[in-house]
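Notes to accompany the following structure.
Read the figures in this text as sums done on the coordinates, not as results from a lab. Keep in mind that what you see is a predicted model, and the values were worked out from it rather than measured. Quick reminder, even Gly has a Cβ in these numbers, built from the backbone with ideal geometry, and neighbours come from all protein chains shown.
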Amino acid sequence: MRKGKIDELSILGGTPYFTEPVPVGQFYMPEYSRYESALRDIFDRRHYTSQREQGPLIKQLEARLSEFFQVKNVICVSNATLGLIMLAEAMGLTGNVIVPSWTFIATAQSLYWNKITPVFCDIDIDSQHMALDDVEHILSRNAISGILGVNLWGGAAEVEQIELLAHQYGVQLYFDSAQAVGCEINDRKVGNFGRAEVFSFHATKIITATEGGAIATNDDELADKLRAMIYYDFKSPRNVKISKTFTARLSEIQAAIALMSLDDFENNRLNNKKLHDYYIDLLRSIPGFKIVSPQGVSKSNYTYCVIRVDESEFGLSRDEIWHVLRAENVLARRYFNPPIHQVEPFSNYQVDASLTKLGNTMKASQTTLQLPIGARVDRVAIEKIHQIIQLAYNDQIAIKNRLYH
Ligand code: T4K
């Protein structure tokens, strides 16, 4: 590693610390020989994807996931966004649904596809999850048909309290757990809360099917509806009443890849945890750099290293340090900036602007930074990232001059 001289920062004219871009996300690739043998089997069977009868790997994956999430039903889908869209339809949601603005755009888009109005609630600034008092405030003042909770950053919202609120106000509850694969709340697996939960198997996630997702539910009737929605089958003897269908299947190749990363989940999780702990160890010496540890879970997947930058202590804003890191090929992300309630079409959507000012959401969107963790990162990479941040802290003025003059 190079010496820590300030003129070595790339933004100040040095060469980047990383020759290849380092993105955020798990990006775990099993040994190539494992892909080869899985593909050979698929080739021999000549069965690429699910037909009326599911392919053997999809069947195996759904059974394994059911065991993994300890839930009665798992329905694999092409991606979590489609899963959320299907679920809102299958649950019969209409009118207004509470959802945090602090989430990936897909969460709110799933409501928009169903002509449901998202009513955005604020977050708790420390946990970055739904603020219970705001949820209750909205419930007490509006006609609401459901709550779409979001579990972020390998952590979770206060799901048990949200369940109580949903029960008290007689509204439906389900969760976007795209980022909470393999997490546990009080030793109960995420996947068992609310009426259903949706997971993502995108390439950035700890279990990946390259693209993909799954819906987990203990509600058999809901599961039957969702299975019937996955593809149009007019010959089906199902007595399930549905009017909207998709082609939302996962293919056998995707299932094969998901099975491999499911096999390796615990190794990847433990590796992430070590990296996460190392980040905490190194970054604690930097003023104004606070790690948002996974909240509300007894077990995390540690797929996210999320920082809150306090400019008054660090000297540089979140955006300024983001520029510094990008110049070094560290592809840190400013999730979620802007927050969804400021993005079309949702910027015109608030049912009642006086309901919530979303102050913590705004603050989080200006100060939060996601750093790389996962299979493409090791201890040396984290040491380099720490060194970049330390160098930036040491020479804030030169950096500001470079950025603004
Ligand atoms: N709800 C929540 C809370 C979510 O976080 C998400 C997805 C969803 C719902 C919807 O899930 P899906 O419908 O996607 O299953 C990413 C992912 O696309 C998205 O899955 C994820 N959340 C979101 C938070 O992040 P991007 O646009 O930032 O990722 P992308 O594709 O630009 O990749 C990030 C970096 O990784 C890039 O620098 C390029 C690099 N990369 C990417 C891929 C795919 C690679 O090096 N290799 C790769 O294979 O959205």
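Between residue 188 and residue 403, what FRET efficiency follows from the Cβ-Cβ distance if R0 is 35 Å, with the result rounded to 0.05?
Values: r = 47 Å, r/R0 = 1.34.
Working from the Cβ atoms, E equals 0.15.
Amide H to amide H under 5 Å from residue 292: which residues, 5+ apart in sequence or cross-chain, H placed 1.01 Å off N in plane?
When sequence neighbours closer than 5 places are left aside, the close amide H contacts are 306, 307, 308.
Compute the relative contact order of the chain as a whole-number percentage, counting only Cα pairs closer than 8 Å that sit 6 or more residues apart in sequence. List each step's numbers first, then the result.
Details: 828 pairs, mean separation 99.2, N = 405.
Over the chain, the number comes to 24 percent.
Take the alpha carbon gyration tensor of the stretch 1-137, find the square roots of its eigenvalues, order them as a ≥ b ≥ c, and report rounded if a/c is under 1.5; if not, report prolate when a/b exceeds b/c, else oblate. Don't skip to the answer; put the middle values down first.
Values: a/c = 2.63, a/b = 1.09, b/c = 2.42.
Oblate, since a/c reaches 1.5 and b/c is not below a/b.
Please work out the Kirkwood hydrodynamic radius for the stretch 35-115, using every pair of different C-alpha atoms, and report it in angstroms with one decimal place. Working shown, then result.
Details: mean 1/r = 0.0654 Å⁻¹.
Over the stretch 35-115, the inverse of the mean reciprocal pair distance is 15.3 Å.
For 322, 113, what ranking results if the residue with the fewest other Cβ atoms within 10 Å of its Cβ goes first? Write down the numbers at each step before the final one.
On the way: 322 20, 113 15.
Fewest-to-most ranking of 322, 113: 113, 322.
With +1 on each Lys and Arg Cβ and -1 on each Asp and Glu Cβ, how big is the dipole of the chain about its Cα centre, in debye rounded to the nearest 20? Don't skip to the answer; put the middle values down first.
Numbers: 42 positive and 47 negative charges, 153 e Å.
For this selection, approximately 740 debye.
Cα to Cα, under 14 Å, and not fewer than 8 places away if on the same chain: which aspartates and glutamates meet these conditions relative to residue 357?
Partners found: 122, 124, 133, 134.
Of 301, 28, 278, which is farthest towards the positive pole of the chain's charge dipole, taken about the Cα centre with +1 and -1 on the beta-carbons of Lys, Arg and Asp, Glu respectively?
Highest projection toward the positive end goes to 28.
Once you sort the root eigenvalues of the Cα gyration tensor of the stretch 94-225 as a ≥ b ≥ c, which label holds: rounded (a/c under 1.5), prolate (a/b larger than b/c) or oblate (the other case)?
Details: a/c = 1.44, a/b = 1.33, b/c = 1.08.
Rounded, since a/c falls under 1.5.
For a test of the definition: using alpha carbon positions, the gyration tensor, and the 1.5 limit on a/c, classify the stretch 284-405 as rounded, prolate or oblate. It would help to have the intermediate numbers written out before the result.
Details: a/c = 2.06, a/b = 1.37, b/c = 1.50.
Oblate, because a/c is 1.5 or more while a/b does not exceed b/c.
For the pairs 59/115; 59/189; 299/363; 205/273; 115/205, note any where the Cα-Cα span goes beyond 24 Å. Mind showing how you got there, number by number?
Working: 59/115 33 Å; 59/189 21 Å; 299/363 27 Å; 205/273 15 Å; 115/205 28 Å.
Going by Cα-Cα distance, 59/115; 299/363; 115/205 fall outside the 24 Å limit.
I'd like the projected area of the stretch 139-207, averaged over all directions, using the convex hull of its alpha carbons. Report it in nm² with one decimal.
Details: hull surface 19.3 nm².
Mean projected area for the stretch 139-207: 4.8 nm², to one decimal.
Positive end of the charge dipole of the chain (Lys, Arg +1 and Asp, Glu -1 on Cβ, about the Cα centre): tell me which of 140, 267, 48 has its Cα farthest that way.
48
Quick check: pseudo-label points 7 Å beyond the Cα along Cα→Cβ at residue 319 and residue 67, how many nm apart are they?
5.1 nm
How far, in nm, would the chain grow between residue 291 and residue 394 when pulled straight, counting 0.36 nm per residue and subtracting the alpha carbon separation?
Values: separation 103, 0.36 × 103 = 37.08 nm, distance 1.98 nm.
Stretched out fully, the residue 291 to residue 394 stretch lengthens by 35.1 nm.
Based only on the alpha carbon positions, what is the Kirkwood hydrodynamic radius of the chain, in angstrom?
Values: mean 1/r = 0.0449 Å⁻¹.
About 22.3 Å, per the Kirkwood formula over Cα pairs.
Among 314, 391, 375, whose Cα sits farthest toward the positive end of the charge dipole of the stretch 275-402 (+1 at Cβ of Lys/Arg, -1 at Cβ of Asp/Glu, about the Cα centre)?
375
Pairs of alpha-carbon atoms within less than 8 angstrom and 6+ residues apart define the contacts here; what relative contact order does the stretch 1-120 have, in percent?
Working: 71 pairs, mean separation 16.0, N = 120.
Across the stretch 1-120, relative contact order equals 13 percent.
With each pseudo-label sitting 7 Å past Cα toward Cβ, what's the residue 115-residue 211 distance in nm, one decimal?
If labels sit at residue 115 and residue 211, their model points lie 2.7 nm apart.
If I build a Gaussian network model for the chain, linking alpha-carbon pairs within less than 10 angstrom, which residue out of 84, 12, 111 has the largest mean-square fluctuation?
So, out of 84, 12, 111, the one fluctuating most is 12.
Can you give the % of DSSP beta bridges in the chain that are antiparallel, to the nearest 5? Please report the intermediate quantities before stating the final value.
Numbers: 22 of 38 bridges.
About 60 percent, rounded to the nearest 5.
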